[in-house]
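Undergrad: Quick one: structure below, then a few questions.
The values are calculated or read from the model by the stated rules, or taken from the named source; none is laboratory data. In this text, all values refer to a predicted model and were calculated from it rather than measured experimentally. Cβ placement follows ideal geometry from the backbone for every residue including glycine, while neighbour counts extend to all protein chains displayed. Accessible surface is based on the protein model in full, side chains and every heavy atom, while ligands, DNA and RNA are left aside. Shrake-Rupley method; radii C 1.70, N 1.55, O 1.52, S 1.80 Å.
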Amino acid sequence: PDDPADSTTVEIRTPGPLSKANTRTSATIGERFEYLITVPAAPIDVPLYDVKILDDLSESDGQMRFVGAEAVSGGNLALTNTGGSSTDLVIEDTVTGIDIPANEQIVIEMTVEQLNTSTNSSGLSFKNRASYLYNRSNGDDGTQAIGEGDITGDMNVVEPQLSAVKTV
(Lines give C-alpha, C1' and ligand atoms only; values in the text may rest on other atoms or scores of the structure.)
Protein backbone atom coordinates (compact mmCIF):
# COMPACT_ATOMS: atom_id res chain seq x y z
CA PRO A 1 0.00 0.00 0.00
CA ASP A 2 2.88 2.40 0.56
CA ASP A 3 4.30 4.21 -2.40
CA PRO A 4 6.79 2.89 -3.33
CA ALA A 5 5.74 -0.60 -2.20
CA ASP A 6 8.20 -2.81 -0.33
CA SER A 7 9.59 -5.54 -2.55
CA THR A 8 9.45 -9.17 -1.53
CA THR A 9 12.07 -11.61 -2.72
CA VAL A 10 10.92 -15.19 -3.29
CA GLU A 11 13.52 -17.88 -3.86
CA ILE A 12 12.39 -21.20 -5.31
CA ARG A 13 14.90 -23.95 -4.65
CA THR A 14 14.93 -26.88 -7.03
CA PRO A 15 17.09 -29.98 -6.91
CA GLY A 16 19.66 -30.59 -9.57
CA PRO A 17 19.94 -33.67 -11.75
CA LEU A 18 20.24 -37.22 -10.58
CA SER A 19 23.49 -39.10 -11.14
CA LYS A 20 23.56 -42.32 -13.14
CA ALA A 21 26.84 -44.25 -13.09
CA ASN A 22 28.03 -47.58 -14.43
CA THR A 23 29.81 -49.86 -12.01
CA ARG A 24 31.86 -51.38 -14.87
CA THR A 25 32.78 -50.75 -18.51
CA SER A 26 31.47 -53.90 -20.23
CA ALA A 27 28.86 -56.64 -20.00
CA THR A 28 28.72 -60.06 -21.61
CA ILE A 29 25.56 -61.09 -23.43
CA GLY A 30 23.25 -62.89 -21.00
CA GLU A 31 25.03 -61.42 -17.98
CA ARG A 32 23.40 -59.37 -15.26
CA PHE A 33 25.09 -56.13 -14.22
CA GLU A 34 24.41 -53.15 -11.98
CA TYR A 35 24.49 -49.39 -12.24
CA LEU A 36 23.86 -46.75 -9.56
CA ILE A 37 21.33 -43.93 -9.51
CA THR A 38 21.77 -41.16 -6.92
CA VAL A 39 18.90 -38.73 -6.31
CA PRO A 40 19.71 -35.87 -6.27
CA ALA A 41 23.33 -35.93 -7.46
CA ALA A 42 24.18 -33.22 -4.91
CA PRO A 43 22.18 -32.78 -1.68
CA ILE A 44 19.97 -29.68 -1.50
CA ASP A 45 18.31 -28.02 1.49
CA VAL A 46 14.74 -28.89 0.41
CA PRO A 47 12.92 -32.21 0.80
CA LEU A 48 11.72 -34.29 -2.16
CA TYR A 49 8.53 -36.33 -1.82
CA ASP A 50 7.12 -39.32 -3.70
CA VAL A 51 10.15 -39.62 -5.99
CA LYS A 52 9.79 -41.79 -9.10
CA ILE A 53 12.81 -42.77 -11.16
CA LEU A 54 12.20 -42.93 -14.92
CA ASP A 55 14.56 -45.17 -16.88
CA ASP A 56 13.60 -46.18 -20.44
CA LEU A 57 16.01 -48.99 -21.30
CA SER A 58 14.61 -49.23 -24.84
CA GLU A 59 16.21 -45.83 -25.64
CA SER A 60 19.66 -47.39 -25.26
CA ASP A 61 21.56 -48.91 -28.21
CA GLY A 62 22.35 -51.92 -25.99
CA GLN A 63 19.30 -54.08 -25.43
CA MET A 64 18.67 -55.06 -21.80
CA ARG A 65 15.84 -55.86 -19.44
CA PHE A 66 15.13 -54.89 -15.84
CA VAL A 67 15.82 -57.50 -13.14
CA GLY A 68 15.54 -55.55 -9.87
CA ALA A 69 16.26 -52.43 -7.82
CA GLU A 70 17.52 -52.04 -4.28
CA ALA A 71 18.20 -48.99 -2.12
CA VAL A 72 21.83 -49.15 -0.98
CA SER A 73 21.60 -45.92 1.04
CA GLY A 74 18.95 -43.44 2.02
CA GLY A 75 16.34 -45.65 3.61
CA ASN A 76 14.63 -49.01 3.75
CA LEU A 77 12.53 -48.92 0.58
CA ALA A 78 10.28 -51.51 -1.07
CA LEU A 79 11.13 -50.63 -4.68
CA THR A 80 8.82 -51.70 -7.49
CA ASN A 81 8.76 -51.15 -11.24
CA THR A 82 5.32 -49.69 -12.04
CA GLY A 83 6.28 -48.84 -15.62
CA GLY A 84 4.44 -51.77 -17.11
CA SER A 85 7.35 -53.49 -18.87
CA SER A 86 10.88 -54.71 -18.28
CA THR A 87 12.31 -51.90 -20.44
CA ASP A 88 10.12 -48.84 -19.64
CA LEU A 89 10.87 -48.40 -15.95
CA VAL A 90 9.17 -46.29 -13.30
CA ILE A 91 10.86 -47.20 -10.01
CA GLU A 92 9.00 -46.18 -6.86
CA ASP A 93 7.96 -47.32 -3.41
CA THR A 94 4.21 -47.85 -3.77
CA VAL A 95 3.76 -48.33 0.00
CA THR A 96 5.37 -45.25 1.54
CA GLY A 97 6.77 -43.36 -1.46
CA ILE A 98 10.40 -42.41 -1.83
CA ASP A 99 10.80 -39.36 0.39
CA ILE A 100 14.21 -37.71 0.57
CA PRO A 101 14.76 -35.36 3.53
CA ALA A 102 16.48 -32.02 3.00
CA ASN A 103 20.28 -32.28 2.62
CA GLU A 104 20.11 -36.03 1.94
CA GLN A 105 20.25 -38.39 -1.04
CA ILE A 106 19.24 -41.91 -1.94
CA VAL A 107 21.37 -44.35 -3.89
CA ILE A 108 19.62 -47.11 -5.80
CA GLU A 109 21.37 -50.08 -7.36
CA MET A 110 19.63 -51.14 -10.55
CA THR A 111 20.19 -54.65 -11.92
CA VAL A 112 19.63 -55.37 -15.61
CA GLU A 113 20.41 -58.25 -17.95
CA GLN A 114 22.20 -57.87 -21.29
CA LEU A 115 19.90 -59.59 -23.82
CA ASN A 116 20.97 -62.09 -26.47
CA THR A 117 19.72 -60.25 -29.56
CA SER A 118 21.11 -59.53 -33.02
CA THR A 119 21.57 -55.88 -32.00
CA ASN A 120 23.86 -56.79 -29.09
CA SER A 121 27.08 -57.79 -30.79
CA SER A 122 30.65 -57.70 -29.62
CA GLY A 123 32.07 -54.19 -29.57
CA LEU A 124 28.71 -52.37 -29.45
CA SER A 125 29.04 -49.29 -27.27
CA PHE A 126 25.94 -48.00 -25.49
CA LYS A 127 24.76 -45.46 -22.93
CA ASN A 128 21.61 -45.17 -20.86
CA ARG A 129 19.68 -42.16 -19.52
CA ALA A 130 17.43 -41.75 -16.48
CA SER A 131 15.47 -38.87 -14.93
CA TYR A 132 13.02 -38.48 -12.06
CA LEU A 133 9.78 -36.94 -10.86
CA TYR A 134 9.15 -35.58 -7.37
CA ASN A 135 6.43 -33.79 -5.44
CA ARG A 136 7.07 -30.52 -3.62
CA SER A 137 4.36 -31.44 -1.06
CA ASN A 138 4.05 -34.92 0.40
CA GLY A 139 1.24 -36.91 -1.24
CA ASP A 140 0.17 -34.05 -3.53
CA ASP A 141 0.65 -34.95 -7.22
CA GLY A 142 -0.52 -31.42 -8.07
CA THR A 143 2.93 -30.24 -6.94
CA GLN A 144 4.82 -32.74 -9.12
CA ALA A 145 7.94 -31.50 -10.89
CA ILE A 146 10.49 -33.04 -13.25
CA GLY A 147 14.05 -33.61 -12.05
CA GLU A 148 16.87 -33.43 -14.55
CA GLY A 149 18.39 -36.62 -15.89
CA ASP A 150 21.85 -37.97 -16.43
CA ILE A 151 23.48 -40.31 -18.94
CA THR A 152 25.88 -43.11 -18.06
CA GLY A 153 29.32 -43.38 -19.56
CA ASP A 154 29.87 -45.84 -22.40
CA MET A 155 29.53 -49.58 -21.80
CA ASN A 156 30.62 -52.22 -24.28
CA VAL A 157 28.95 -55.49 -25.22
CA VAL A 158 31.17 -58.55 -25.00
CA GLU A 159 30.23 -61.83 -26.65
CA PRO A 160 31.37 -65.12 -25.18
CA GLN A 161 34.26 -66.67 -27.08
CA LEU A 162 33.56 -70.36 -27.53
CA SER A 163 35.53 -73.02 -29.31
CA ALA A 164 35.11 -76.76 -29.52
CA VAL A 165 37.74 -79.42 -30.14
CA LYS A 166 36.97 -83.03 -30.90
CA THR A 167 39.60 -85.71 -30.76
CA VAL A 168 39.20 -89.33 -31.72
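Undergrad: Hey, got the Cα dimensions of the stretch 1-47 along the principal axes, in Å, largest first?
TA: Answer, in whole Å and largest first: 72, 15, 13 Å.
Undergrad: Could you work out, for the stretch 14-111, what percent of all Cα-Cα pairs fall into each 10 Å distance bin, beginning at 0 Å and stopping at the bin that holds the largest distance?
TA: Percent of Cα pairs in each bin: 15, 49, 29, 7, 0.
Undergrad: With semi-axes √(5λ) of the Cα gyration tensor in Å defined as stated, name the option among (i) 26, 19, 16; (ii) 41, 16, 13; (iii) 29, 20, 16 computed from the structure displayed.
TA: Given (i) 26, 19, 16; (ii) 41, 16, 13; (iii) 29, 20, 16, the calculated one carries the label (ii).
Undergrad: Just round it to a whole percent: the fraction of Cα-Cα distances in the stretch 71-111 exceeding 11 Å.
TA: Numbers: 547 of 820 pairs.
That fraction is 67 percent.
Undergrad: Run the accessible area of the chain with a 1.4 Å probe and give the carbon-and-sulfur part as a rounded percent.
TA: Ligands and nucleic acids excluded, carbon and sulfur reach 46 percent.
Undergrad: Then there is this: S137 to T14: extension gain in nm, 0.36 nm per residue of separation minus the Cα-Cα distance?
TA: 43.0 nm
Undergrad: May I ask what percent, to the nearest 5, of DSSP beta bridges between residues of the chain are antiparallel? Can you show the working numbers first?
TA: Numbers: 40 of 43 bridges.
Antiparallel: roughly 95 percent of the beta bridges in the chain.
Undergrad: If you put +1 on each Lys and Arg Cβ and -1 on each Asp and Glu Cβ, how big is the dipole of the stretch 22-146 around its Cα centre, in Debye rounded to 20? Mind showing how you got there, number by number?
TA: Details: 7 positive and 18 negative charges, 74 e Å.
Computed charge dipole of the stretch 22-146: roughly 360 debye.
Undergrad: Just need the relative contact order of the stretch 1-74 here, percent rounded to a whole number, with Cα pairs under 8 Å and 6+ apart.
TA: Value for the stretch 1-74: 26 percent.
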